[in-house]
Each structure stands twice: as structure tokens, then as C-alpha cells.
Amino acid sequence: MKILIINGPNINLTGMREKGIYGSETYSDICEYLYDYSKGKGVETEITQTNHEGEIIDKIHSALNVYEGIVINAGAYTHYSYAIRDAISAVNIPCVEVHFSNIYGRDEFRTKSVIAPVCKGQIAGFGKYSYCLAIDALLNIKEENHE
């Protein structure tokens with residue numbers, strides 16, 4: 001299975017910003033962990049990060065006929081990017097929305113996700129393990145679709 005992990009704005013600063021919320025582990029360390037986790041599950045993974053909405057959309061489009069699943073942490077775009085929502089819907093690839101923090105325990109504006117309705121599910125509050133749970137979910141979805 002091939003999975004694309006897309007990280008949005010400011011996620012590259014994980015480990016430096018708001019350590020009480022996002023932890024002190026660097027973005028590079030988290031990516032390395034996720035590559036190892038994926039490999040252990042027999043999953044080929046590409047991880048990408050951008051601070052630009054259009055690049056996220058282009059990356060989602062490029063996943064068509066290449067990846068069998070998408071994990072997305074759209075950062076702040078989660079709460080207002082209908083363009084990212086439409087891109088996820090258009091490619092029709094199983095997608096899981098993730099967040100390091102529990103978005104429901106933070107600012108009120110973070111409790112609304114415009115991309116959640118077009119994703120298979122949402123996982124929040126488990127730090128880097130949110131991504132692991134999303135990878136496992138996509139593996140289960142693939143298995144169920146082949147039964």
C-alpha cells in the first residue's frame with residue numbers, strides 16, 4: 001500500500017513552537033518515526049509539508065492513481081479551506097484527517113473542520129500517534145474493500 005502524508009502550515013516548526021501543545025520532538029524526528037512505522041506495516045509512505053494552500057491542493061491531485069490513501073494535517077486550513085475539501089472529494093482516495101492536539105479542547109474556531117465531511121474519519125489529540133492511527137485505519141479500509 002502507498003500512503004501520502006500531507007502536512008500544512010507551520011507543522012514544519014513542530015518541536016519549536018508551542019511545545020506544551022505540539023511537544024518538543026522535531027518535525028524531522030516525527031517524519032523519521034512515521035517512515036519507520038509505515039515500513040514496519042509494509043506501507044510505502046511519502047511525507048510532504050507546505051505552508052501554501054495551492055501546493056496542498058496540487059499534492060492531493062497528484063495522488064490520483066499513485067496513492068491508495070491520504071493522511072492530512074491541514075493545520076489552520078482545516079477550519080476554512082473549501083478548496084482543500086473539494087480536492088479531497090474530487091480524487092476519491094480514502095483520506096484521514098489528523099491533528100497532533102485535541103482540537104476540541106482548544107480555541108472554539110478549531111472545533112470546526114470543513115474537510116472532515118469528505119474524509120473517512122478524523123483523529124486528534126495523540127501527537128505523532130495520530131498519524132499512526134490514521135495509517136492503521138487506511139490499512140483496515142483497504143483490507144475491508146478487498147474482502
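None of the figures in this text is laboratory data; all of them are computed from the coordinates on show. Model, not experiment: these values are computed from the prediction. Every residue, glycine as well, gets a Cβ built from its backbone with ideal geometry; the counts of neighbours run over all protein chains shown.
Miscellaneous remarks
- When each of K59/K142; K19/K39; K41/K112; K39/K112 is checked by Cα-Cα distance, pairs over 24 Å: K19/K39; K41/K112; K39/K112
- Summing Cβ point charges (Lys, Arg +1; Asp, Glu -1) relative to the Cα centre of the chain gives a dipole of roughly 260 debye.
- Residue by residue, the range 21-29 carries 3J(HN,Hα) couplings of 9, 9, x, 9, 5, 6, 4, 4, 5 Hz when phi is fed to the Karplus relation 6.51 cos²θ - 1.76 cosθ + 1.60 (θ = phi - 60°); x denotes Gly or Pro.
- Note on the range 64-108 and the range 118-147: Cα centroid distance 12 Å, given to the nearest whole angstrom.
- Quotient of C-alpha Rg and 2.2 N^0.38 Å, computed over the chain: 0.97
- Taking θ as phi - 60° and the Karplus parameters 6.51, -1.76 and 1.60, the scalar couplings of the range 89-103 work out to 5, 5, 7, 6, 10, x, 10, 10, 7, 10, 8, 5, 9, 7, 5 Hz in sequence order, x denoting glycine and proline.
- Distances between placed amide hydrogens fall under 5 Å for Q49 paired with N7, all partners being 5 or more residues away or on another chain.
- Taking a straight line from the alpha carbon of K120, these aspartates and glutamates sit under 14 Å away, with near neighbours fewer than eight places off in the same chain left out: E68, E97, D136, E144.
- Across the range 110-126, rounded Karplus estimates of 3J(HN,Hα) from the backbone phi angles (6.51 cos²θ - 1.76 cosθ + 1.60, θ = phi - 60°) give 6, 7, 9, 10, 7, 8, 3, x, 9, 9, 5, x, 9, 10, 9, x, 10 Hz, Gly and Pro being marked x.
- Electrostatic tally near H52: other residues with Cβ closer than 14 Å to its Cβ, Lys and Arg +1, Asp and Glu -1, net -2.
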